[in-house]
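Take a look at the structure set out below.
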Amino acid sequence: MQFGIFTVGDITTDPTTGRTPTEHERIKAAVTLAAKAEEIGLDVFAHGEHHNPPFHPSSPATLLGYIAARTERIILSTATTLITTNDPVKIAEDYSVLQHLADGRVDLMLGRGNTGPVYPWFGKDIRDGISLAVENYALLRRLWREPVVDWEGRFRTPLQGFTLAPRPLDDVPPFVWHGSIRSPEIAEQAAFYGDGFFHNNIFWPMSHTQQMVNLYRRRFEFHGHGPADTAIVGLGGQFFMRRNSQDAVREFRPYFDVAPVYGHGPSLEELSAQTPLTVGSPQQVIERTLSFRESVGDYQRQLFLVDHAGLPLATVLEQLDLLGEILPALREGFAQGRPAHVPEAPTHASLVASSRQTPVAAPVSVDDVTGRSPYAAAGEAR
């Protein structure tokens, strides 16, 4: 079981002071958080990608490359890489380079992005979001796995005799998680390829999370990758902790009430009851997090959003200290009763070992994915 944190890189005014951090401060804060995450024993640091205010992470590969040079052990991931508006060739190049720089401590979470105006900035249409995700990923897989690629699709110019440089480290691509909150087509895509499925698990009730993960697990087994309970699942989550639960609620409430992502809607108490948001004591965070397994089964990765809504860096670092304190209890709790056949989260070392035992699969076309999926029509209907 891997534990980590992710940030979406928002630049939000602190409602208690009225101060808005600068872009420079927020970019440097991400580096500080990654180093702190490694210090307290977390396994993963993940950074989002956005191209519109009020966010700063327009170049996560650059940021993660800098962080790779300042860390030694922690896995660096994205949360997410926009497979729809980025060129698959550039994704393949950027993250191959990052993989070499980080000595394999890299994986990739792919997502569609839900900000409509961003799509035309990159010559795309959000109404093609699902189709772009399917076609672009099919190409990305080939670029990482084949020495010479000839390609023709709907959304980019053809490739003739293209060879990726550099090749992935040890000729093994980064592990891919497909991130989705609400799109069954993306769960199907992850299942078809036998990749990981990451459900953000923040704004929706656990019943929705359970539905999406169970769909992925069933389709993973259907496509012949193994029993449903061996599928590779990651979840998001969010908390705010203080040693006394009343202090946590009192301190977090002003941030919650005006936060761009969930302010001005249900109350803190209502959203905490309806979603996995946990505001309280360390013991409450332990119990709530361990309860996720009741809905989705044994899973491989748990990432927490702790850096958002205008919380000052000093407060976020305090949250990470508390997370470090409860980390042994979380590890122990998730290990209890975990069946031996449920795999651990993939790492570069485990993927290299597996590649030496497993023959490389034949290329897969876009039509193969959508043709076998019962959700292809949903993608066209959007």
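Structure notes:
- Per-residue ³J(HN,Hα) for region 183-191, Karplus 6.51 cos²θ - 1.76 cosθ + 1.60, θ = phi - 60°, Hz, x for Gly and Pro: 9, x, 4, 6, 4, 5, 4, 4, 5
- Dipole moment magnitude, nearest 20 debye, the chain about Cα centre, only Lys, Arg, Asp, Glu C-beta charged: 200
- In a fully extended conformation the segment linking Q283 and E325 would gain 14.1 nm over its present Cα-Cα distance, using 0.36 nm per residue.
- Total formal charge among the other residues, if their Cβ is under 12 angstrom from that of P15, Lys/Arg +1 and Asp/Glu -1: -1
- Net charge in the neighbourhood of V148 (other residues with Cβ under 13 Å of its Cβ; Lys, Arg +1, Asp, Glu -1) is +1.
- Helical mean residue ellipticity (222 nm; -39500 (n - 2.57) per DSSP H run of 4+; nearest 500) of the chain: -13500 deg cm²/dmol
- Using a probe of 1.4 angstrom and keeping all protein chains present, the accessible surface of the chain works out to 42 square angstrom per residue.
- Remark: the Cα gyration tensor places region 1-143 in the oblate category, a/c being 1.5 or greater and a/b not exceeding b/c.
- Given R0 = 25 Å, the distance between the Cβ atoms of E93 and E39 translates into a calculated FRET efficiency of 0.20.
- Estimated FRET transfer efficiency when R0 is 41 angstrom, pair T17-R218 (beta carbons, to 0.05): 0.25
- Sorting 52-60, 146-154 by average packing, meaning the other beta carbons within 10 Å per residue, from highest down gives 52-60, 146-154.
- Note on K90: lysines with a C-alpha under 26 Å away, same-chain residues under 8 apart excluded, are K28, K124.
- Fraction of accessible area attributable to carbon and sulfur, region 223-359 (%, probe 1.4 Å): 53
- Under a model in which nothing but the beta-carbon of Lys, Arg (+1) and Asp, Glu (-1) is charged, region 1-116 shows a dipole of about 140 debye around its Cα centre.
- Whole-number percent relative contact order across the chain, with pairs defined as alpha carbons under 8 Å at least 6 apart: 19
- Available extension along the chain between D229 and R338 is 38.2 nm, counting 0.36 nm per residue and deducting the alpha carbon span.
- Positive minus negative residues near A345 (Lys, Arg vs Asp, Glu; Cβ under 11 Å): -2
- Positive-end ranking of V134, T278, F292 along the dipole of the chain, with charges on Cβ about the Cα centre, is headed by V134.
- Heavy-atom accessible area for W204, with the other protein chains in place and a 1.4 Å probe, reaches approximately 90 Å².
- This structure gives volume of the Cα convex hull per residue in Å³, computed directly, and of [x] 145; [y] 132; [z] 162 that value is listed as [y].
- Heavy-atom accessible surface of region 1-149: percent carbon and sulfur, 1.4 Å: 53
- Förster-model FRET efficiency, 41 Å R0, A273 and E152, C-beta, rounded to 0.05: 0.20
- DSSP bridge orientation in the chain - percent antiparallel, rounded to nearest 5: 10
- Size of electric dipole in region 101-146: Cβ of Lys, Arg +1 and of Asp, Glu -1, about Cα centre, debye, nearest 20: 40
- Ratio Rg/Rh, restricted to region 47-89 and using Cα atoms, in which Rh is the Kirkwood radius: 1.00
The values are calculated or read from the model by the stated rules, or taken from the named source; none is laboratory data. If you're wondering where the values come from, they're calculated on a predicted model, not measured in any experiment. Quick reminder, even Gly has a Cβ in these numbers, built from the backbone with ideal geometry, and neighbours come from all protein chains shown. Note: accessible area is taken over every heavy atom of the protein model, side chains too, but ligands, DNA and RNA are not part of it. Shrake-Rupley method; radii C 1.70, N 1.55, O 1.52, S 1.80 Å.
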